[in-house]
1. Please specify each residue of segment 21-47 satisfying the condition of being in contact with a Ser or Thr (Cβ under 9 Å, 6 or more places away or on another chain) and surrounded by fewer than 16 Cβ atoms within 10 Å (Cβ to Cβ).
2. Among the helices (runs of 4 or more DSSP H) confined wholly to segment 103-221, which include 1 or more residues that are under 26 Å from the mean Cα position of the chain (by Cα)?
3. Test Ile61 against the criterion of being farther than 18 Å from Val97 by Cβ, in the same structural domain as Asp164 (by TED's automatic domain parsing) and either of a type in the set (S, T, N, Q) or not in a loop (DSSP other than H, G, I, E, B) (or both), and give yes or no.
4. Taking strands (runs of 3 or more DSSP E) that do not extend beyond segment 223-323, which have at least 3 residues that are in the same structural domain as Val358 (by TED's automatic domain parsing) and under 30 Å from Cys208 (Cβ atoms)?
5. Please work out which one of (1) in contact with a strand residue (DSSP E or B) (Cβ under 7 Å, 6 or more places away or on another chain); (2) over 19 Å from Val110 (Cα atoms); (3) of a type in the set (Phe, Trp, Tyr) is the condition Trp171 fails and give its number.
6. Does segment 326-338 include one or more residues that are more than 21 Å from Val194 (Cβ to Cβ), part of a helix (DSSP H, G or I) and among the charged types (D, E, K, R)?
7. Please indicate, with yes or no, whether at least one residue in segment 218-237 is within 26 Å of Leu33 (Cα to Cα), touching a His at 6+ places or on another chain (Cβ under 9 Å), crowded, with 16+ Cβ neighbours inside 10 Å and in contact (Cβ under 8 Å) with a residue 60 or more places away in the chain.
8. For segment 235-269: of the residues being more than 22 Å from the chain's Cα centre (by Cα) and of a type in the set (Asp, Glu), which is nearest to Leu279 (Cα to Cα)?
Amino acid sequence: MSRSKTKPIRLGGVLYAADTPERNALREFAENLVNRGWHVAGLVQEQAYDSDGQKIGLDAIDIRTGQHLPLSRPSKEDLETGSCGFDVRLLSETTRVLRAAMDAPADLLVIEKFGEREQDGRGLADEIVSAAMAGIPTLVAVPSSALEVWNEFSGRLGSLIPHDITSLANWWPKWNLYKELTLTIPDEKPKNIVIGDKAILIEGKDGCGITTNPLQKAQPDYQTNKSLKDLAKQTQDHLSPLDHAFGVAAILAYHNRYNLNGSDKSGLDHFKGRDETVLIAGNFPNDKAYANNSAFIAAKDALQHLSDYAYEGVILPSHTFSDGLLPSLLRAKGLAECVLVGPETPLCPNLFDYGIDVLSGRIIKDADKAAEMVAEGASPKELKPVSQYITLEK
């Protein structure tokens, strides 16, 4: 007997007022996600002007295609009577855009805005409810004057989000960082895969990734027809530790490229000499001056600790990425400046959008020698002779 999966409701009301400074924040947030490879759909609004620069009405813009849909073109009579000149014939077209997003489905649905028709249960109200119930992350621009109507409409099941880029980025689930790291990986075959007793190595066209073998058992004859992208997608599967480890190695093979440039400054020195309160999570040397005011804790205990205490900075070990703890730690740290350090750090600047400020990781400089060492039983930490550590800062 099969059992359907229930998806959580991810509905956000993005509150704005007449004096909100970042009125384009929702649109900019959506465009940023599109540029990073996410499937974002929906509608934003823009004032329409004629060739002389005179305002003539309001357009809805299909985020996916860029198509302009003229929502209103008020006539002189409309202006005199105070009518907005809304073209109800175009409502079916805007509905089609949103229905297509639900059929795909989109990674994010954006609707601007929760207007008078939606407040009355008309307009795009049904589409908002349908998307939310389908588990599609949905953001709706809500005027502050309609807050109580929105709360009643949404049943208070969603989040209320300030209309600014930082708040929208904080709303975006931290867990999405795993999928984020797969979006730009091409569908090409890995050059080499080696499974040693202690490590897994995957070599791509431009880089090499190594992570711990969770089974601690070599598989010298391992073969797969999966592409580097398909292997990387396995980071989203925590039911199979081996598949997840393959995903980590594939992500590192793509992002930690041989020709990547960065600072040779250690991420562990980022807070050195500064007075902020800094939490060092993990098995880092405790005789090092990380900051003028620092505390140490085991990585496994850091989540609860960060939920109870506030810090201005945190240093996290890269194994929190490979073991799946990183998203929860990024959520718990709040606004603390964050450094991710270690051999399993993906050197991908897109992670800066998830609350990481410094990425300090390694690049394998000799893939052939690394493959030989892994096959002979070397652990990821024992590959320093074929590694170069670099640091990227936000």
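1. Correct list: Arg36, Gly37.
2. So the answer is 125-133, 147-154, 165-171, 177-180.
3. Considered against the rule, which asks whether it is farther than 18 Å from Val97 by Cβ, in the same structural domain as Asp164 (by TED's automatic domain parsing) and either of a type in the set (S, T, N, Q) or not in a loop (DSSP other than H, G, I, E, B) (or both), Ile61 comes out as no.
4. Values: elements: 277-281, 293-297, 313-317.
Because the criterion is at least 3 residues that are in the same structural domain as Val358 (by TED's automatic domain parsing) and under 30 Å from Cys208 (Cβ atoms), the strands (runs of 3 or more DSSP E) in segment 223-323 that meet it are 313-317.
5. If we test Trp171 against (1) in contact with a strand residue (DSSP E or B) (Cβ under 7 Å, 6 or more places away or on another chain); (2) over 19 Å from Val110 (Cα atoms); (3) of a type in the set (Phe, Trp, Tyr), just (2) comes out false.
6. Kept after step one, since they are more than 21 Å from Val194 (Cβ to Cβ), are these residues of segment 326-338: 326-338.
Checking the rest, the ones that are also part of a helix (DSSP H, G or I) come to 326-332.
This time we only want the ones that are among the charged types (D, E, K, R), so: 331.
The answer is yes; a qualifying residue exists.
7. no
8. Asp269
The values are calculated or read from the model by the stated rules, or taken from the named source; none is laboratory data. None of the values given here were measured: they were computed from a predicted structure. We place every Cβ from the backbone using ideal geometry, glycine too, and count neighbours over all the protein chains shown.
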